[in-house]
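Input: a single structure, listed below in structure tokens.
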Amino acid sequence: MPKSPRLPLNGLFPIEKPSGPSSMQVLERISPLLIDSKLFYDPERMKFHNSKGKRKRNTTDKGLKIGQGGTLDPLADGVLVVGINRGTKHLQELLEGPKEYEAIGLLGAATTTMDSEGEVLSTGDFDSITRTDVEKALETFNGTITQTPPIFSALKMEGKPLYEYARSNTPLPRAIPTRQCQVSIKLLEFTPASKSPGDGGHDYRWPEKQLTEEDKRVFRRLTELVHASSTSEPPMPDIGAEFPETSGKTGLRPATFRVRMTVSGGTYVRSIVHDMGLLLGCGAHVVLLRRTRQGQFVLDEKDIAETSEEAMVNQEQPESFAKGRPTTACIPWSVWEDALAQRKVMLADEAREKEELLAAGTDPKQVREQFSEEALRLRRMDRPEMEWEKQVLRWFIDVPIPVIRSSNNAAHFR
């Protein structure tokens with residue numbers, strides 16, 4: 001039986017990010033639960049935080065420090081590691097370490113964002129592409145590859161995310177340097193499109209959004225600048241070609257391929273699928289992306305039994321982080337949804353109780369004190385342990401907390 005971490009918690013735990021919201025939006029949604037929980041309440045930290053009068057980076061206005069160990073695109077779901085208080089110091093190790101993904105690529109269309117969230121940039125003839133063709137293309141991406149981050153990414157240049165340059169059609173200040181990435185990739189499935197419901201195919205479709213001719217010219221200029229430091233031609237599809245999503249020859253829409261890949265830190269999975277489509281000559285984009293492992297954090301409890309050799313891409317997680325630490329499964333997003341729904345009911349009950357006291361003639365000053373922010377927080381902490389808190393305690397990885405003492409010998413936290 002693992003030793004229970006001491007309170008307040010300082011460390012890491014993984015959650016299952018759903019597809020749709022960004023990683024930061026997920027953190028913002030669960031933060032009120034964390035702030036009101038006895039698991040994270042630290043009067044000394046709050047006192048030190050409030051005395052400074054200025055919020056530190058990644059710190060909420062209630063003194064809780066929170067961060068995440070690797071951004072997932074809104075489209076993507078899967079393992080999202082959350083760092084709390086001192087645990088945020090260890091997130092960089094996760095960013096630099098290997099990660100495992102499953103992705104589904106849809107043939108025939110290249111998009112601006114390299115996934116189904118973007119506009120169709122070009123289409124290609126997908127009729128002749130076979131499973132063997134895809135397997136052969138995969139060989140190009142096994143091992144060490146050179147990659148340039150896509151223009152639609154959160155990577156910052158002069159303090160501004162690249163996607164902001166792209167969305168505003170603003171030229172980049174300089175070219176983005178290439179990076180060396182380690183990739184291990186395996187084809188899991190090759191699925192022809194469904195001709196009729198239930199025939200064993202798939203139901204993914206190309207995005208309906210299209211680029212105007214002017215937008216295509218702007219996008220080409222941006223892409224050329226992104227890849228200006230590369231010695232090879234920028235991976236740009238033929239944006240003048242047009243093919244229908246349903247083949248006139250076979251009556252089928254394009255096939256999908258599902259791959260599992262393990263990549264080193266900083267690798268863009270979307271770019272690999274996009275570049276595979278270019279290599280196949282028809283284009284491709286991501287329609288599903290799931291992070292299944294990050295370091296010793298895995299998506300599902302059943303994954304704990306699997307060996308980590310493939311997931312490590314012949315690399316070792318930094319010893320300072322991994323040594324002696326167990327494999328840890330994600331807290332399902334459904335658990336957080338239930339907790340957020342219960343919190344909504346709780347807030348409504350508190351508001352109704354306050355109104356009833358005031359209507360009954362209770363001294364307004366007494367009511368204000370009873371329903372002050374701090375009084376409510378302490379009251380919420382006194383309730384029975386919730387399911388999400390049990391899950392956090394089960395999967396939490398504690399980290400040491402160095403205590404710094406000031407000249408007056410009062411303990412405070414960095």
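Values in this text are rule-based calculations from the coordinates and carry no lab data. No experiment lies behind these values; they were computed from the predicted model shown. Every residue, glycine among them, receives a Cβ derived from its backbone with ideal geometry; neighbour counts consider all protein chains shown.
Ordering 82-88, 183-189 by mean Cβ neighbour count within 10 Å, with the highest value first, yields 82-88, 183-189.
Peptides 340-350, 158-168, 67-77 ranked from most to least packed, by the mean per-residue count of other Cβ atoms within 10 Å: 67-77, 158-168, 340-350. Backbone amide hydrogens, once placed in the peptide plane, bring residue 121 within less than 5 Å of 110, 111, 112, excluding anything fewer than 5 places away on its chain. Pairs over the 25 Å Cα-Cα cut-off, from the set 17/390; 65/365; 17/99: 65/365.
Starting from the Cα gyration tensor of the range 99-294, take the square roots of the eigenvalues, sort them a ≥ b ≥ c, and report rounded, prolate or oblate (rounded when a/c is under 1.5, otherwise prolate if a/b is larger than b/c, else oblate). Oblate, since a/c reaches 1.5 and b/c is not below a/b. Counting 0.36 nm for each residue step from residue 139 to residue 175 and taking away their Cα separation leaves a gain of 10.1 nm.
Kindly state, to the nearest 0.05, the FRET efficiency for residue 191 paired with residue 250, given R0 = 25 Å and r defined as their beta-carbon distance. The calculated FRET efficiency here is 0.95.
A simple rule links phi to the HN-Hα coupling: the Karplus curve 6.51 cos²θ - 1.76 cosθ + 1.60 with θ = phi - 60°, which for the range 257-269 gives 10, 10, 10, 10, 9, 10, 10, 6, x, x, 7, 9, 5 Hz, with x for Gly and Pro. Extension gain, residue 359-residue 38: 0.36 nm per intervening residue step, less the Cα-Cα distance, totals 112.4 nm.
Shown in residue order for the range 360-375 are the 3J(HN,Hα) couplings computed by the Karplus curve 6.51 cos²θ - 1.76 cosθ + 1.60 at θ = phi - 60°: 7, x, 4, 3, x, 5, 5, 5, 4, 5, 5, 10, 5, 4, 6, 5 Hz (x for Gly and Pro). Full extension of the chain between residue 24 and residue 127 yields a length gain of 33.1 nm, computed as 0.36 nm times the residue separation minus the alpha carbon distance. Spacing of the modelled spin labels on residue 199 and residue 394, each 7 Å from Cα toward Cβ, amounts to 4.4 nm. Extending 7 Å from the Cα toward the beta-carbon at both residue 164 and residue 212 defines two label points whose distance is 2.4 nm.
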